[in-house]
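First the structure, in the form of structure tokens, and then the observations on it.
The values are calculated or read from the model by the stated rules, or taken from the named source; none is laboratory data. Given the structure is predicted, the values throughout are model-derived calculations rather than measurements. A quick note on method: Cβ atoms are made from the backbone with ideal geometry, for glycine too, and the neighbour counts reach across all protein chains shown.
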Amino acid sequence: MTGRLRVAVIGVGHLGQHHARLLSTMDGVDLVAVVDREPTRAKAIAEKYGTAAFTEASDVIDRVDAVSVATPTVTHVEVALPFIEAGVAALVEKPLAAGLDEADRLVDAAAGRGVLLATGHTERFNPAVAVALPLVSGPRFIEIHRLGAFPERSLDIDVIFDLMIHDLDVLLATVASPVVSIEAVGVNVLTPRIDIANARLRFESGCIANVTASRISRDRVRRARFFQKDSYVSVDYAAQEVEVYSLVPQNGGRPVIHGGRVEVATDEPLRRELSDFVEAVRTGRPAGVTGRDGRMALSLATRVAEAM
């Protein structure tokens, strides 16, 4: 594409309003509409970012080149599929769909129409993750904690698909090996759905990952640690900090540990994700996190849920 990109945001609640905020400021992008089934919310966000408000997604299909879908998970297929079938590129927030059958419908439709489909796994665009991933090679043990306070937003899915799926996606991007076994436990505390969960994943390579996710913690923690031969990589997602330590041999003496903090150029992960999506639409390259990537993360999350 060579002209300005016409984009709409479908669903401008807790997260979608930030999609609208960022897209409204991007060079070469026209935020032509926001859509929300709450007319008051749609109007307020539209006025804030200088665009038009609608309550039905179908009203904007012929007005856009791309859409960002940030509606509740159970509506992802019904919202995104008509756009894909009309040839409109779509970024769908994680999880890609409410189930694997629905995810397959989106992925297959995008492949059949030759339409770009991206999944909103924002953590993959965290600058700290981008710096750390090239430093991770053949990890043997991985420990990840994602703990947060009870959120003031929709909880239509349990913590595995709400929070842990971010880390499952990162694991799939770092450990090039199939998952051969899963042990998992989950507890519903404040909602009818699972609010805290732990999973232990064993990969065919022998790597073991211990992943904990909670949305009922007093402390806010988002940290991953990768242990591999002769080195250790630590990622603080929230602070966007990376530390690397390596065991360095010494001639005739004991090895010494060298390392420390690695420079990270901080940035808003969602802005990077949306910029990647816009560039992918313009150039025709795949998105940084494709629909198939989103389907793979959903599949692994489903296996974790079934292991409970």
Kindly list, by first and then second residue, each pair from a residue in the range 287-308 that is modelled with pLDDT of 95 or more to a residue that is aromatic (Phe, Trp, Tyr), limited to pairs with Cβ atoms under 6 Å and residues at least 6 apart or on different chains. 287/277; 301/161
Candidates 239, 305, 280 - the one that is over 16 Å from the mean Cα position of the chain (by Cα) and either acidic (Asp, Glu) or surrounded by fewer than 16 Cβ atoms within 10 Å (Cβ to Cβ) (or both): 239
Can you find a residue that is surrounded by fewer than 17 Cβ atoms within 10 Å (Cβ to Cβ), over 21 Å from residue 120 (Cα atoms), out of contact with any Leu (no Cβ under 6 Å at 6 or more places or on another chain) and among the charged types (D, E, K, R) anywhere in the range 61-79? yes
Would you mind finding the one in 180, 189 that is out of contact with any helix residue (DSSP H, G or I) (no Cβ under 6 Å at 6 or more places or on another chain), farther than 30 Å from residue 75 by Cα and touching a residue at least 24 places away in the same chain (Cβ under 8 Å)? 180
Only one residue in 129, 60, 107 is within 17 Å of the chain's Cα centre (by Cα), over 30 Å from residue 227 (Cβ atoms) and assigned to a helix (DSSP H, G or I), so which one is that? 107
Would you check which residues across the range 94-104 are in a loop (DSSP other than H, G, I, E, B) and either over 21 Å from residue 302 (Cα atoms) or in contact (Cβ under 8 Å) with a residue 60 or more places away in the chain (or both) and list them? 94, 95, 96, 97, 99
Would the range 94-105 turn up any residue that is under 21 Å from residue 268 (Cα atoms) and among the charged types (D, E, K, R)? yes
